[in-house]
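Beneath this line is the structure, given in structure tokens, with notes to follow.
The values are calculated or read from the model by the stated rules, or taken from the named source; none is laboratory data. Source: prediction; values computed, not measured. Using ideal geometry, Cβ is built from the backbone for each residue, glycine included, and neighbour counts are taken over all protein chains shown.
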Amino acid sequence: MSRIFSGVQPTGNLHLGNYLGAIRNFVRLQDDYECIYCAVDMHAITIWKDPAELRRNIREVAAAYLASGVDPTKSIIFAQSSVPAHAELAWIFNCIVRIGWLNRMTQFKEKAGKNRENASLGLYAYPSLMAADILAYKATHVPVGEDQKQHLELTRDIAQKFNNDYEVEMFPLVEPLILGEATRVMSLRDGSKKMSKSDPSDYSRIVLTDGRDELAKKLRKARTDADPLPEKVEDLADRPEASNLVGIYAALADISKADVLKEYAGSQFSTFKPALTELALEKFGPIGEEMKRLMADPGHVDAILKEGAERANAIAEPIIKEVKETVGFLIP
């Protein structure tokens, strides 16, 4: 069976984009693949985090997985830092990857902004750790959003260079899985920007634990335009906010944007927004309530993470041993 690896950063405020772009697909994939899912807490500290908040956020990611339907008896759920192979393999890959490769990574440029000299080495070397996350398990597939495709291509380059340098067939060339509508969910306040946990406006995102009133208010205030919904998807091309809301509806309903427009063509947003709100409440209400219940029982969540780490270690340890032997390290 093919093996999937993926993870979500524990940075708080898990939102609709995290769910539609990642977590929902994790649930769907677990019946057809061997799935390994983690809270990527080592990536989270590339920018300083309050330790108590980080611990809470790690549990929040695990709670989101569980509440959304990831089954810990089918899939492995754990915190990245609890498996030493991630850090060990990342260092070996740091010695494989070339500075020029990392200099081409657009996400570092976006996150570091104008203060590149003040960015951490961890933020710069993030793609090398991401490659280690995946290849520590010899994963064959990774479900990714469009913004991570470049990092996945780098993972393939690293795997190929390692295999070539040491004349082995150690690592697979991992394949991306880009699934479904609305894999890139945009801000409710600006359809040209990705929905983000870091946006200063709470009204820019739907958080998984939003209650009925909060969710309804955010969708009611979501930016739109004055025109009714069109009949054809291509007519949404120059209407980013309208396209975003139609895409969200399509993803939640498991239909295409074209199908949404068949039903709502000619409708004003005063009609469409309430329909979208009801659909979102139907899908998110149970998830938010279950997340709150799990977050109130951290011992239960921690026990699942501990068991997941043991299972992840059992896979990664022989692989990292094989890597060390290949590189030429002495194995005690």
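List the helices (runs of 4 or more DSSP H) inside segment 9-70, counting only whole elements, that have at least 1 residues being touching a Lys or Arg at 6+ places or on another chain (Cβ under 8 Å).
Numbers: elements: 24-29, 41-44, 51-68.
Counting at least 1 such residues, we get 51-68.
Among the residues of segment 141-171, write down those that are part of a loop (DSSP other than H, G, I, E, B), at pLDDT 95 or above and under 25 Å from GLY122 (Cα atoms).
Initially, segment 141-171 is screened for residues part of a loop (DSSP other than H, G, I, E, B), giving 144-145, 166-171.
Right, trim to at pLDDT 95 or above and you get 166-171.
Result: PHE171, single match.
Mind checking which residues of segment 46-70 are at pLDDT 95 or above and β-branched (Val, Ile, Thr)?
Step one: list which residues in segment 46-70 are at pLDDT 95 or above, which gives 50-70.
Those that are at pLDDT 95 or above and β-branched (Val, Ile, Thr): ILE58, VAL61, VAL70.
Look at THR155 and say whether it is touching a strand residue (DSSP E or B) at 6+ places or on another chain (Cβ under 6 Å) and polar (S, T, N, Q).
On the way: touching a strand residue (DSSP E or B) at 6+ places or on another chain (Cβ under 6 Å): no; polar (S, T, N, Q): yes.
No, not satisfied.
Report yes if some residue within segment 116-129 is assigned to a helix (DSSP H, G or I) and in contact with a Gly (Cβ under 9 Å, 6 or more places away or on another chain); otherwise report no. Explain how you work it out, then say what you get.
Going through segment 116-129, the residues assigned to a helix (DSSP H, G or I) turn out to be 116-118, 121-124, 126-129.
Still in the list and also in contact with a Gly (Cβ under 9 Å, 6 or more places away or on another chain): 129.
Scanning segment 116-129, I find at least one residue that is assigned to a helix (DSSP H, G or I) and in contact with a Gly (Cβ under 9 Å, 6 or more places away or on another chain), so the answer is yes.
Could you give every pair whose Cβ atoms fall below 6 Å, whose first residue belongs to segment 202-223 and is touching a residue at least 60 places away in the same chain (Cβ under 8 Å), and whose second residue is among the polar types (S, T, N, Q) and surrounded by fewer than 20 Cβ atoms within 10 Å (Cβ to Cβ), counting only separations of at least 6 or pairs across chains?
Correct list of pairs: VAL207/ASN13; ALA216/THR277; LEU219/THR277.
Taking only pairs six or more apart or across chains, which ones have beta-carbon atoms under 6 Å, a first residue in segment 95-106 that is of a type in the set (A, V, I, L, M), and a second residue that is surrounded by 10 or more Cβ atoms within 10 Å (Cβ to Cβ) and at pLDDT 90 or above?
Pairs that qualify, where the first residue is of a type in the set (A, V, I, L, M) and the partner is surrounded by 10 or more Cβ atoms within 10 Å (Cβ to Cβ) and at pLDDT 90 or above, are ILE96/ILE158; ILE96/LYS161; ILE96/PHE162; VAL97/SER128; VAL97/ILE158; MET105/PRO127.
If the requirement is being among the aliphatic types (A, V, I, L, M), surrounded by 13 or more Cβ atoms within 10 Å (Cβ to Cβ) and over 17 Å from PRO176 (Cα atoms), which of these qualifies: ALA62, ALA159?
Going through ALA62, ALA159 in turn, the sole match is ALA62.
Could you list all residues from segment 71-112 that are loosely packed, with under 14 Cβ neighbours inside 10 Å, modelled with pLDDT under 95 and either part of a helix (DSSP H, G or I) or not charged (D, E, K, R) (or both)?
ILE99, GLY100, ASN103, THR106, LYS109, GLU110
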